[in-house]
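As structure tokens, the structure follows; a few thoughts come after it.
Here, each number is a calculation from the coordinates, and none is a lab measurement. Nothing here was measured: the structure is a model prediction, and the numbers come from that model. Counting neighbours? That spans all protein chains shown, and the Cβs are built from the backbone with ideal geometry, glycine included.
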């Protein structure tokens, strides 16, 4: 028997020094990490990186349909801004105008995406804006294209780190606010999490390469960098407190950081969380020693939540181009199917048309025989319907007249009462004052016989020393249930 191949999702990060790949397989409705690969690329050209990735794509079975490219935070600009709108289209248009203020590049030189963090009662939206230069994205795409791969999903490492926290630190992610630091080979990501959203993000050029065994010196520099980020955060968000620090990242971080010492130095709660804590499925590494210098939480978060990411930095023109191509293929296939169905249907009907025509001729001969009787019966039926309709309309109009008589007040004098025989009464008359006219209209509206009663006009005039009001009221009829049922039939 053939064994069904499980879907394998791959997340690739092309960094300055490392090529990282994390893969996960889908088991029923649960994703499990199945493979982690890391390769040194600091001295390789883009063509050689493509060649290395091409070989890995074959050996690790990377499928372009389930491929996500992870962009390191250091390659982007991430800012939190507030906009006076809650509509997605308006927010995107406002951000389009803001790009020139947020970066030194023109709008045509960058790609951006955003995630709405929260919406205030006053109608303002807090938005996390992510900007990246087009040249960086094009370089990444050229590398994976050179490896024979393609993708429609370019995620941000910071979002992957947040997704990782939801899995590994699920008991802490609901806290009001906390700091999440990911220590990588040559940099750190500083993220402030508030109500399951990143509200502040920084990248620090300080990582495991700066650790040479001197724990005290490394920890002191680490604390200095952390305090700089805290100062920047408190300037931007003076009303928010961050009582807890969660540190994760490369495995060697366990050698570099003493939690108790960090608590004293920073005067805040500190917790060290292993990067593979609560991550489903065992990992496989090509080189255990090599991998200890490298951080994977951002890739783990993206691969285990694929494709549910808020940020996608793929160029819009590329998406449109692929969408047009996909629609063209779908239209071609659809046209082919329609042609095939028409051809088969034609063959089927042409095969039966002769017998149908002969049978139709026989029916027509029989119809000619009974046509005079049918026509006579139809005439009788039509006359019966007309008589019945006239009788009911007469009774109905009398009932309506009686209903109007019961509702009219002594101060109102009707000049004419017209029933058009179909759908409404028209009442014309005079009244001693206008208020009686509108009371009469309200009484008619409350009647079960009329709907949507309106005074077409109510005009005052003088008659000697008296002031009278001429009016016309239109009373559409509420048809009886019996008549409604017949109309529906």
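Would you work out the relative contact order for the chain, in percent, from Cα pairs under 8 angstrom that are 6 or more residues apart?
About 13 percent, as a whole number.
In degrees from 0 to 90, rounded to the nearest 10, what is the angle of the helix 215-236 Cα long axis to the longest principal axis of the chain?
30
How many nm is it between the label spots at residue 426 and residue 459, if each spot is 7 Å from the Cα in line with the beta carbon?
Here the answer is 1.4 nm between the modelled labels.
Rounded if a/c is under 1.5, else prolate if a/b is larger than b/c, else oblate: which is the stretch 1-63, with a ≥ b ≥ c the root eigenvalues of its Cα gyration tensor?
Judged from the Cα gyration tensor, the stretch 1-63 comes out prolate (a/c at least 1.5, a/b above b/c).
Does anyone have the angle between helix 157-168 and the longest principal axis of the chain? Alpha-carbon axes, 0 to 90°, nearest 10?
Between the helix axis and the principal axis of the chain, the angle is about 90 degrees.
Sort 334, 178 so that the residue with the fewest other Cβ atoms within 10 Å of its own Cβ comes first and the one with the most comes last.
With the fewest neighbours first, 334, 178 line up as 334, 178.
Starting with the fewest neighbours, write out 409, 269, 157 ranked by other beta-carbon atoms found within 10 Å of each beta-carbon.
409, 269, 157
From the square roots a ≥ b ≥ c of the eigenvalues of the alpha-carbon gyration tensor of the chain, which class results: rounded (a/c under 1.5), prolate (a/b over b/c), or oblate?
oblate
Against the longest alpha carbon principal axis of the chain, how many degrees, from 0 to 90 and to the nearest 10, is the axis of helix 88-102 turned?
The angle comes out at about 40 degrees.
Rounded to the nearest 500 deg cm²/dmol, what is the calculated helix-only ellipticity per residue at 222 nm for the chain, with -39500 (n - 2.57) per DSSP H run of length n ≥ 4?
Value at 222 nm, helices only: -15000 deg cm²/dmol.
For the stretch 317-402, what does the alpha-carbon gyration tensor say about shape, rounded, prolate or oblate, given a ≥ b ≥ c as the root eigenvalues, a/c under 1.5 as rounded, and a/b over b/c as prolate?
Because a/c hits 1.5 or more and a/b fails to exceed b/c, the stretch 317-402 counts as oblate.
How do 248, 77 line up, fewest other C-beta atoms within 10 Å first?
Fewest-to-most Cβ neighbours within 10 Å comes out as 77, 248.
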